[in-house]
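The values are calculated or read from the model by the stated rules, or taken from the named source; none is laboratory data. These numbers come from a predicted model, not from an experiment. Neighbour counts run over all protein chains shown; Cβ positions are idealised from the backbone, glycine included.
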Amino acid sequence: MKVPFSYLRDQFSDPDAILRRIRKVVQRGDFTLGKEVREFEEVFRKIIGTKYAIGVNSGTDALFLSMKVLGIGNGDEVITAVNTFIGTVGAVVATGATPVFVDCNEEYILDLNKLEAAITKKTRAIIPVHYAGHPIDMPRLVKLARKHKLYIIEDACQGIAAEINGRRVGSFGEAGAFSLHPLKNINVWSDGGIITTNSKKLYETLKLLRNHGMKNRDEYVSFGYNSRLDTLAATVGLEVIKDLDWITETRIKHATLYDHGLQELRPYITLPPRRPSVRYVYHLYIIQAQRRDQLLGHLKSKGIEAKVHYPIPLHLQECSHGLGYKKGAFPVSEAQTKSIITLPAHQHLSERQIKYVIKTIHNFYL
């Protein structure tokens, strides 16, 4: 049986509704910040529960522009997770600020117990990463940030529709950053991103910043960037986001099947803890496994496309050598890279396929 990791072929097997929308855009020639962008922003901000949403070029730009609009730059430090995707940290470096890493916990997210030790006089902001769709304890983080007078920019690129006590991630900080990359839970046919905020001042400034600082065709308020969400991408997003509830609930169902089916394999398999007040959205379904590399090879031999996210933590990557971190600086993340494995859990899989993965893992260990 085949259990693919990618779902794009299934998701867009019948693109007629999207193509009909795109045809209308093409006929209007409305390719730059067209009405579909405004429509998508309105839908998105309602989903997250914020007052405003701004479409930009990517999730990385969503982080970068959020920091720029808050005045973060040279000489500043920004704290974030060491086990995140490179885009999080690349956005910090692009502002001129210095990224400061904090180790993760057993849930694969930034360990708030270790956060305050990383704060210095140069710290200006914290970027909590809702990694894999696992929300960080934002109420606790907000209290810590207020105590130290720090900004919060949520990296919610993998966390659309995730919740803490019924409140959605991307609505707690000064800004929230979302990705519309083709491999995200809500995706488009290109790169794309969204910034959410409750600040009218940030919203108005971000609209200028993403579009060269243009007040109108002939007037420029400031120097900005070319980081617009394309009208065509927003057009795709308007169709895809209709399925958000189904996508989310199906991923949760598959993750629940995995949790129940794998819990009896302890100590071979370690499942992350699940907090009862949290809604996980499982952009990635990650576990820890003994003899991980052998299991990975076994799964692939049985047609199961499992992966590892990510095998090398950022502080040990070549691009981070100048930050001064050494091996052993973040022991939890470093240990997890040797045992984490990501199982296919997307919405286009069947219950039969999920149970086949569970059975295959059982057969490997027992």
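Taking each residue of segment 41-55 that is farther than 13 Å from residue 199 by Cβ and looking for partners that are part of a loop (DSSP other than H, G, I, E, B) and polar (S, T, N, Q) with beta-carbon atoms closer than 9 Å, six or more apart or interchain, yields 44/50; 48/171; 49/171. When segment 31-51 is filtered for residues that are surrounded by fewer than 21 Cβ atoms within 10 Å (Cβ to Cβ) and of a type in the set (Phe, Trp, Tyr), only 31 remains. Pairs are defined by a Cβ separation below 6 Å, a sequence spacing of at least 6 or placement on different chains, a first member in segment 92-109 that is of a type in the set (Asp, Glu), and a second member that is not in a loop (DSSP other than H, G, I, E, B); the pairs so defined are 103/114; 103/332; 103/333. Contact annotation: residue pairs with Cβ atoms under 7 Å, 6 or more positions apart or on different chains, pairing a residue in segment 227-252 that is acidic (Asp, Glu) with a partner that is assigned to a helix (DSSP H, G or I) and surrounded by fewer than 22 Cβ atoms within 10 Å (Cβ to Cβ), are 239/17; 239/18; 239/21.
Here is a yes/no grid of residues against (1) within 21 Å of the chain's Cα centre (by Cα); (2) surrounded by 13 or more Cβ atoms within 10 Å (Cβ to Cβ); (3) not assigned by TED's automatic domain parsing to the domain that holds residue 88:
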position	(1), (2), (3)
306	yes, yes, yes
309	yes, yes, yes
315	yes, yes, yes
327	no, no, yes
342	yes, yes, yes
358	no, yes, yes
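With respect to residue 356, is the statement that it is closer than 12 Å to residue 3 by Cα and either of a type outside the set (A, V, I, L, M, F, W, C) or assigned to a helix (DSSP H, G or I) (or both) true? Criteria met by residue 356.
Tell me yes or no: at least one residue of segment 19-30 is at pLDDT 95 or above, surrounded by 13 or more Cβ atoms within 10 Å (Cβ to Cβ) and closer than 19 Å to residue 203 by Cβ. The answer is no, given that none of the residues of segment 19-30 is at pLDDT 95 or above, surrounded by 13 or more Cβ atoms within 10 Å (Cβ to Cβ) and closer than 19 Å to residue 203 by Cβ.
Does any residue of segment 228-244 turn out to be in a loop (DSSP other than H, G, I, E, B), in the same structural domain as residue 188 (by TED's automatic domain parsing) and at pLDDT 95 or above? Lay out the reasoning, then the answer.
So in segment 228-244, the residues in a loop (DSSP other than H, G, I, E, B) come out as 229.
Adding the requirement that they be in the same structural domain as residue 188 (by TED's automatic domain parsing) leaves 229.
Right, trim to at pLDDT 95 or above and you get 229.
Within segment 228-244, one or more residues are in a loop (DSSP other than H, G, I, E, B), in the same structural domain as residue 188 (by TED's automatic domain parsing) and at pLDDT 95 or above.
Among the conditions (1) of a type outside the set (A, V, I, L, M); (2) assigned to a loop (DSSP other than H, G, I, E, B); (3) within 17 Å of residue 39 (Cβ to Cβ), the only one that residue 267 does not satisfy is (3).
Considering only residues that are part of a strand (DSSP E or B) and of a type in the set (Ser, Thr, Tyr), look in segment 149-186 and name the one that is surrounded by the most Cβ atoms within 10 Å (Cβ to Cβ). Don't jump to the end; show me each part of the working.
First pass over segment 149-186, keeping only residues part of a strand (DSSP E or B): 151-155, 163-164, 167-168, 175-179.
From what is left, the residues that are of a type in the set (Ser, Thr, Tyr) are 151, 179.
On the way: 151: 19, 179: 30.
Only one residue tops the list, namely 179.
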